[in-house]
1. If each residue of separation counts as 0.36 nm, what is the full-extension length gain between residue 151 and residue 535 once their alpha-carbon separation is subtracted?
2. Does the range 123-255 come out rounded, prolate or oblate, given a ≥ b ≥ c as the square roots of the eigenvalues of its C-alpha gyration tensor, rounded meaning a/c under 1.5 and, failing that, prolate meaning a/b above b/c?
3. Please report the spacing between the Cα centers of the range 137-153 and the range 436-495 in Å, no decimals.
4. Stretched out fully, how many nm does the piece from residue 549 to residue 382 gain, at 0.36 nm a residue minus the Cα gap?
5. Please report 53, 465 as a ranked list, fewest other C-beta atoms within 10 angstrom at the top and most at the bottom.
6. Nearest-5 percent of antiparallel DSSP beta bridges in the chain?
7. With 10 angstrom as the radius, rank 472, 554 by how many other C-beta atoms surround their C-beta, starting from the fewest.
8. Under 1.5 on a/c is rounded, so check that first for the range 32-129, then, if it is not, pick prolate when a/b is larger than b/c and oblate when it is not; a ≥ b ≥ c are the square roots of the alpha carbon gyration tensor eigenvalues.
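No value in this document is a laboratory result; all are computed from the given coordinates. Fair warning: this is a prediction, and the values are worked out from it, not measured in the lab. When we count neighbours, we look across all protein chains shown, and the Cβ atoms used for this are built from the backbone with ideal geometry, even at glycine.
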């Protein structure tokens with residue numbers, strides 16, 4: 001018999017913790033099996049020796065899960081476990097023995113293991129890829145800032161302009177801007193539009209005839225009208241950079257990098273730590289937020305991606321160092337993602353200027369200082385709800401299993417998955433799929449920012465005031481995180497094939513099952529939002545009336561949607577769909593993505609073999 005050690009949380013009176021004396025200790029996460037009424041066998045989850053101990057010792061060990069001093073652990077165990085009052089010295093002796101056996105680990109042991117990793121220098125940078133679509137003014141501004149960054153830091157990175165424009169005039173202007181940037185910055189620039197993507201499909205299709213149809217689906221605009229297709233540029237960038245690193249930008253980004261105004265040194269150990277938001281009066285003020293980053297932000301992120309976390313920490317201790325006091329109160333289970341061997345798959349920056357998001361609903365989930373800044377004045381609040389003039393970044397670097405928006409730098413030296421062609425949220429879907437392929441890898445979210453200048457005001461606040469209706473890519477990303485069965489294979493291509501098979505299984509489910517899945521999903525996301533916002537109201541009885549009015553409206557419209565009984569339509573699907581039509585749309589999206597994932601490993605490998613020759617005419 002096997003069971004996890006977890007006797008539940010015990011609420012003790014809140015006391016000021018004593019000043020630390022000596023090392024901090026935390027119990028390893030492990031498994032135990034009973035041997036008798038009084039004894040059990042225990043083994044750490046990361047392997048090692050088997051330990052025989054009494055059930056009482058096991059219970060004592062469970063009370064020592066958080067990093068605390070030995071004195072703190074002794075006080076807790078003697079206070080909580082029956083019959084141990086007044087036996088502090090005996091408990092100390094037992095806990096010291098557990099520490100000697102490696103079942104209790106010290107802060108120094110954890111930190112030494114974290115930084116003990118070989119220096120694995122990553123692959124070369126293929127290019128700076130810019131996804132562009134019908135926004136010449138934005139692209140011109142970005143390229144000018146990129147040229148300025150190159151002059152300042154002596155960079156001459158190749159630039160790819162991945163043009164998905166529908167407008168012929170915009171496409172022509174993009175081509176001209178590519179030529180102008182090549183001359184002004186003295187770098188190699190390639191404009192890659194529909195014709196070049198079609199030629200690439202033809203070339204790879206001749207060598208991989210079984211993947212010809214999927215290549216056209218992944219890279220070309222065919223029969224999707226004016227629908228958003230950011231995934232096409234994403235997939236093209238991944239193929240062109242296969243086997244190397246890649247910097248991925250959108251045309252409305254703006255350099256230089258700034259250090260976030262909230263930035264503090266060192267790594268944040270808790271992956272779920274929220275980013276901080278600061279609001280400014282107008283776009284120019286928000287773009288000026290924080291200090292100009294003195295070092296080259298490209299070089300910094302190139303040095304991080306592809307490296308083991310331990311090597312990255314050793315090379316950048318100010319940015320990624322973790323001191324023992326930030327371990328206090330953490331458990332080894334919560335820190336399991338922090339291993340020295342974990343490869344840094346991608347880096348992410350914060351933003352200043354406009355938000356990267358499609359709505360402003362996330363603003364109503366802000367906490368503490370960020371929430372106070374959001375609602376500080378009525379005039380400011382009415383401007384802030386549009387999320388156009390802000391800084392949003394982590395205070396410290398955060399290591400997470402995946403990111404949900406566009407990464408700035410990617411390690412594409414090993415197979416990365418393609419993403420969905422249609423709909424927004426393709427970057428978040430890519431993030432969780434990459435994590436499925438490499439569950440032990442990490443992404444680093446850095447306390448630096450890049451500018452974001454959108455082409456005009458977006459309807460973020462209006463969307464926040466409507467019922468929460470995620471798109472298909474968010475549905476699929478959350479399905480992967482919460483419902484996809486884990487893979488065991490060490491081969492990322494086989495893992496991707498298993499994920500594709502599960503999507504095919506979902507696509508083939510009976511219509512009633514697919515309808516119920518969509519209905520259940522929409523009920524869940526809306527009910528979760530309502531619960532969170534109602535708790536916000538309870539926790540903030542003195543909140544401004546204008547904030548309360550909007551929060552109550554969000555709760556009301558989502559509550560009505562919960563009870564409406566309408567077809568489970570996801571965002572970007574046609575408004576008139578009935579339930580059967582929604583089920584059909586789900587099947588089609590699953591089959592399209594599954595087919596892409598099945599063919600992608602062979603496509604990616606051939607692109608990696610060709611390398612720079614893939615762009616030869």
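1. Contour length minus Cα-Cα distance gives 133.2 nm.
2. Verdict is oblate for the range 123-255.
3. 28
4. Taking residue 549 through residue 382 to full extension adds about 58.9 nm, to one decimal.
5. Final ranking by Cβ density, sparse to dense: 465, 53.
6. Counting DSSP beta bridges with both partners in the chain, the antiparallel share is about 60 percent.
7. 554, 472
8. Prolate, because a/c is 1.5 or more and a/b exceeds b/c.
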